[in-house]
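The values are calculated or read from the model by the stated rules, or taken from the named source; none is laboratory data. As the structure is a computational prediction, the values presented were derived from the model and not from experiment. All Cβ positions, glycine included, derive from the backbone under ideal geometry; neighbour counts span all protein chains shown. Please note that ligands, DNA and RNA were not included when accessible areas were found on the heavy atoms of the full protein model with its side chains. Shrake-Rupley method; radii C 1.70, N 1.55, O 1.52, S 1.80 Å.
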Amino acid sequence: MSSQFKQTLVMTKANILSLRRRFAIATSMVLSVALVVCVLAGFLSMAAGFEKALKSAGSPTVAVILGGGTNQENGSDVPADVIRTIEAMRGDIGVARDTVGNFAASREIVVPVEVLNGQAEAAKMLALRGMDAAGPSLRDGIILTAGRFVRPGAREVVVGERLAAEFPAFAIGQQMRLGPVNWTVVGHFSSGGNAFESEIWADLDTVRSAFDRLGEVQSLRLRLEAPGAIDKLKTALESISTTPLNAVTEADLYAAQSSGMANLIRMFGWPLALLMALGATAGALNTMMSSVSDRTVEIATVRALGFSRLSAFIATWAEAVALAAIGVIFGLAASWLAFNGWQASTIGANNASMSFQLTIDESVLLTAGLLGLAIGVVGGAFPAFSATRLPLTAALRARG
């Protein structure tokens, strides 16, 4: 073991053992770092949970055709003659067919509806999705957990388990007023907690009739032969010139929707966390300068005994990083207990509420943890440098 390493180890041990004399100010540094880490982890977990809810809903083997030049269902319009043209296409266009040669397809429309929560006496805008009978089968991971799916032409709805848990009025057999008419809840479905569970599903023609949207179709879903078959479908749609069409995989559609909101959440979270980190860095600087001042005689004495400047620098810097690391551990633990799995909701792409769970994943832990450690690294650098500049005569003056 080299002499330099031994010196650094001895001084670091002495610094750590002397923390009891500076317990209050050291604790304030730990708590300030923990607060910064916890706040940043909270915002990042919100963005991660929102992205997970949407991305896990999308399938690379389902194509979504949108009309009118838009890249989302809200504002899209796919005319009936275009749908008939697509259904009449022959040859290999990348879309799966059944035994008689028909496409596995679902015409769909989304209508925001206001639903009153009987417990909180607060209304929420939810997405009522009208779809053809093949709609549920075109969504991967859908499990009917209770009841049945809707019958064509009936004023019936099935709701996601997340909505059923939040709204007691969505119990099976209950009637709910959505828009101008009453609807009977006939089933609950699960989709693994993704965005589908924030929707209400009903028969397409019944929804269009109830909301005076006869003939309107916002999106056409098709089952692809393979994940890469979307390019064949895009090529086939280029022959249709009556209206601009946009074909994307369901996975890409939801990924694009998730990135916008997630980036907005991060845009609010990062400046706040960095501002708090700046304050915490100033606190770390003050803590470590106090540490150096408290141990002036000790540092000067060991320097007079032959300890190098480098060992004094590393030992003081290591103390700052160690305190920051303790703060990171406390902050991450607190954020995990407070945020992970917590239910939240926001307005989705269809102007309706979408529920999701905050998620503390590996990327959130790593990012928040690195910011906390950076506070110790930056805040401890100058005090560590000042420890190397202490005059050796400080030990003699103290003894005199």
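Assorted remarks:
- Boolean, Gly153 is open to solvent by 10 Å² or more (accessible area, probe 1.4 Å), in contact (Cβ under 8 Å) with a residue 60 or more places away in the chain, on the phi > 0 side of the Ramachandran plot and assigned by the TED database to the domain that holds Val248: no
- When Ser239 is tested against (1) at pLDDT 80 or above; (2) in a helix (DSSP H, G or I), only condition (2) is not met.
Okay, residues lined up against (1) open to solvent by 10 Å² or more (accessible area, probe 1.4 Å); (2) out of contact with any strand residue (DSSP E or B) (no Cβ under 6 Å at 6 or more places or on another chain):
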{"position": "Lys52", "(1), (2)": "yes, yes"}
{"position": "Ala57", "(1), (2)": "no, yes"}
{"position": "Thr61", "(1), (2)": "yes, no"}
{"position": "Ser76", "(1), (2)": "no, no"}
{"position": "Ala80", "(1), (2)": "yes, yes"}
{"position": "Met89", "(1), (2)": "yes, yes"}
{"position": "Asn102", "(1), (2)": "yes, yes"}
{"position": "Glu108", "(1), (2)": "no, no"}
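- Test result for Arg177, more than 29 Å from the chain's Cα centre (by Cα) and open to solvent by 20 Å² or more (accessible area, probe 1.4 Å): yes
The rows are residues; the columns are (1) more than 30 Å from Ser335 (Cα to Cα); (2) among the acidic types (Asp, Glu); (3) in a helix (DSSP H, G or I); (4) in contact (Cβ under 8 Å) with a residue 60 or more places away in the chain.
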position	(1), (2), (3), (4)
Gln4	yes, no, yes, yes
Gln7	yes, no, yes, yes
Lys13	yes, no, yes, no
Arg21	no, no, yes, yes
Val33	no, no, yes, yes
Leu40	no, no, yes, yes
Met46	no, no, yes, yes
Asn71	yes, no, no, yes
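- Condition met for Ser291 (of a type in the set (S, T, N, Q), open to solvent by less than 60 Å² (accessible area, probe 1.4 Å) and modelled with pLDDT under 85): yes
- The stretch 195-245, residues that are among the basic types (Lys, Arg) and closer than 22 Å to Ser56 by Cα: Arg221, Arg223
- Ala229, sole failed condition from (1) among the aliphatic types (A, V, I, L, M); (2) within 10 Å of Ile65 (Cβ to Cβ); (3) outside any loop (DSSP other than H, G, I, E, B): (2)
- Val64 being in contact (Cβ under 8 Å) with a residue 24 or more places away in the chain and assigned to a helix (DSSP H, G or I): no
- Boolean, Leu253 is out of contact with any helix residue (DSSP H, G or I) (no Cβ under 8 Å at 6 or more places or on another chain), on the phi < 0 side of the Ramachandran plot, crowded, with 20+ Cβ neighbours inside 10 Å and assigned to a helix (DSSP H, G or I): yes
- Which listed residue is closer than 30 Å to Gln357 by Cα and buried (at least 18 other Cβ atoms within 10 Å of the Cβ), from Ala202, Ala210: Ala202
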